[in-house]
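Asker: What follows is a structure written as structure tokens; I'll ask about it next.
The values are calculated or read from the model by the stated rules, or taken from the named source; none is laboratory data. Remember, predicted model here, so these are calculated numbers, not experimental data. Note: ideal-geometry Cβ built from the backbone for every residue, glycine included; neighbour counts use all protein chains shown. Only protein heavy atoms, including side chains, enter the accessible area calculation; ligands, DNA and RNA are left aside. Shrake-Rupley method; radii C 1.70, N 1.55, O 1.52, S 1.80 Å.
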Amino acid sequence: MRKRRRILWGKVFLYLTSILLIIGIFYTYFRTGFLKIHSYEFIGVERQYRELLQDKFVVFSKQKIYKILPGNRIIGFNYKNMKNEILSVLPNASNISIQPKSLHTLKVEVTYYAPLFKLDDAHAITKDGLIYEEINDISKLPLLSFATTTKLTPEILASISGLVSKVSATIFEVKSISIDEFKDIHLIGDNFGRSEVIFSATSDTKKVWSNLVSAIDTDPLKSNLENNKDSLEYLDVRFGNKVFFKFTNGVKTDIMPAYASTTTQAISR
């Protein structure tokens, strides 16, 4: 009999303790400032955007979650609205992490996409082919345009990027890139859109560059580039180990309009 009574009082004590614990948790969460958010720590966010985001986060903290839960607690904060606000202010964010750092501080860490080429003044493309809105200055990046039938794979973008840097450092600065419906890629300089290096998307870019290097170091192309570089129209590397090139030489006069003469040759390596 005494044993049953002890078991009964033990269960009653356990139930009361559990109820008091639950009440204590609810009271601490809803009625005290023990878990209340007081500050935000931003990592990877420029100063000009921090105050804007923080002011908006304060607004979110005053809104109820599911019409019941407070939005200003370190556990159960308004994550969805905060993330959407970050994306609206920083559309070039690739990853957003919002986590408690302490009982009263949320850590907000943002990383960004790395633009490979620009598509216009506001949009860029990454090395993985992801198109996004870029808020930073991308005016110095090459402009990429492509046919609607073109599928931009990471492999194609990597091959283009590799040749762009080499051509820019050796022959002329590449300002724009065009991929046509035949999968021919045009690396275009700033000489009124004339200077081009043309190769195929299906080509081995290592061989393309090897052929180009050999060609630009061999006369007559070598001499033409040294003496008449601004008149270069194209270097065509689409046909095996041959490099076709063309120069246009304009002669200006005060009496008669200039007539252009062209020279098209091929160097076989």
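Asker: Per the 1.4 Å probe, what fraction of the accessible area of the stretch 134-222, in percent, lies on carbon and sulfur atoms?
Answerer: After summing per-atom areas, the C and S share lands at 53 percent.
Asker: Per residue Cα convex hull volume for the stretch 96-230, in cubic angstrom?
Answerer: In the stretch 96-230, the Cα hull volume divided by residue count equals 141 Å³.
Asker: What is the angle, in °, between the Cα long axis of helix 2-31 and the longest principal axis of the Cα atoms in the chain? Nearest 10 is fine, range 0 to 90.
Answerer: Orientation of helix 2-31: about 50 degrees from the principal axis.
Asker: Counting only C-alpha contacts under 8 Å and six or more residues apart, can you give the relative contact order of the stretch 99-183 as a whole percent?
Answerer: This gives 24 percent for the stretch 99-183.
Asker: Could you check the simple spin-label distance between residue 63 and residue 206, using points 7 Å along Cα→Cβ, in nm with one decimal?
Answerer: About 5.4 nm, to one decimal.
Asker: Now for a different question. May I ask you to list the chymotrypsin sites (Phe, Trp or Tyr not before Pro) in the stretch 178-243 that are in a DSSP loop and have at most 15 other Cβ atoms within 10 Å of their Cβ?
Answerer: Hits after loop and neighbour filter: 182, 192.
Asker: So, one more: Between residue 217 and residue 161, what is the label-to-label distance in nm when each label sits 7 Å out along the Cα-to-Cβ direction?
Answerer: 2.7 nm
Asker: Can you give the accessible area per residue of the stretch 85-207, in Å², using a 1.4 Å probe?
Answerer: Value returned for the stretch 85-207: 52 Å² of accessible area per residue.
Asker: Right, something else. How far apart, in nm, are the 7 Å Cα→Cβ label points at residue 112 and residue 180?
Answerer: 3.6 nm
Asker: For the chain, what is one quarter of the convex hull surface built on the Cα atoms, given in nm²?
Answerer: 26.0 nm²
Asker: Report, in degrees rounded to the nearest 10, the 0 to 90 angle that the Cα long axis of helix 205-216 makes with the longest principal axis of the chain.
Answerer: Helix 205-216 sits roughly 30 degrees off the main axis of the chain.
Asker: Something else about it: Considering Cα pairs under 8 angstrom that are at least six residues apart, work out the relative contact order of the stretch 53-137 and quote it in whole percent.
Answerer: Normalised by residue count, the contact order of the stretch 53-137 is 18 percent.
Asker: Now, a different point. Whole number please: convex hull volume per residue, Cα atoms of the stretch 16-136, in Å³.
Answerer: Per residue, the Cα convex hull of the stretch 16-136 comes to 126 Å³.
Asker: Whole-Hz Karplus ³J(HN,Hα) for the stretch 175-186, in order, using 6.51 cos²θ - 1.76 cosθ + 1.60 and θ = phi - 60°, x for Gly and Pro?
Answerer: 9, 8, 10, 10, 10, 8, 5, 9, 6, 8, 10, 10
Asker: Continuing with the same structure: Only Cα pairs under 8 Å and at least 6 apart count here; give the relative contact order of the stretch 16-162 as a rounded whole percent.
Answerer: 19 percent
Asker: Working from Cα positions, state the angle (0 to 90°, nearest 10) between the long axis of helix 79-89 and the longest principal axis of the chain.
Answerer: The two axes meet at around 30 degrees.
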